[in-house]
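These notes concern the structure reproduced below.
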Amino acid sequence: MSYFIMFSRHTAESCPMNNGKTRQMALEAVSALPEAAKKFGITVVGSWSITPEHLVVHVFDAVNLDTLLSFSMEPSLLKWWSFNTSEIKPATTLEEAVRLIR
């Protein structure tokens, strides 16, 4: 399994804190996340909101990037992409990185 960090940003205008339409979409996507992850064998390591920056950070443990991309296209999660721009980066633990440089 590999770690992937997803950074999702939205505008102040589309922020679910201030926009009823995107609030509903965000609530639906967040509630669908565990079941969709299970379907693809993905572990949601954690999710964080950096509210003043309109940024949500998810850490996933997935077999590979293709699996994570397929997961992200699940119909129950697609609404998330209508108001967020996301970037996915592969990551390693610091311990793994230290092993690589030794």
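Read-outs throughout are calculated quantities, based only on the coordinates presented, and are distinct from any laboratory measurement. Since the structure is predicted, the reported quantities are computational estimates derived from the model, not experimental observations. Reconstructed Cβ throughout: ideal geometry from the backbone, glycine too, with neighbour counts over all protein chains shown.
Taking A91, A36, A62 as the candidate residues, the one with maximal mean-square fluctuation in a Gaussian network model of the chain, Cα springs under 10 Å, is A91. Charge dipole (Cα centre; +1 on Lys/Arg Cβ, -1 on Asp/Glu Cβ; no other charges) of the chain amounts to roughly 40 debye. Stretching the chain fully between L27 and W81 yields a gain of 18.1 nm (0.36 nm per residue, less the alpha carbon separation).
Comparing I50, I42, I88 in a Gaussian network model of the chain (Cα springs below 10 Å), the most mobile by mean-square fluctuation is I50. Counted over the chain with a bin width of 10 Å, the fraction of Cα pairs per bin, in whole percents, is 15, 46, 28, 9, 2, 0.
The alpha-carbon of K21 sits under 16 angstrom from the alpha-carbons of these lysines, leaving out residues fewer than 8 places away in its chain: K79. Counted as membrane-span-like here are DSSP H helices of the chain whose alpha-carbon atoms extend 18 Å or more along the helix's own axis and whose Kyte-Doolittle mean is -1.0 or above; these are 20-39.
Potential lengthening of the chain between R102 and R9 amounts to 29.9 nm, from the contour at 0.36 nm per residue minus the alpha-carbon distance. Listed by chain and number, the aspartates and glutamates placed with their C-alpha closer than 20 angstrom to that of K39 are E28, D61, D66, E74; residues fewer than eight positions away on the same chain are left out.
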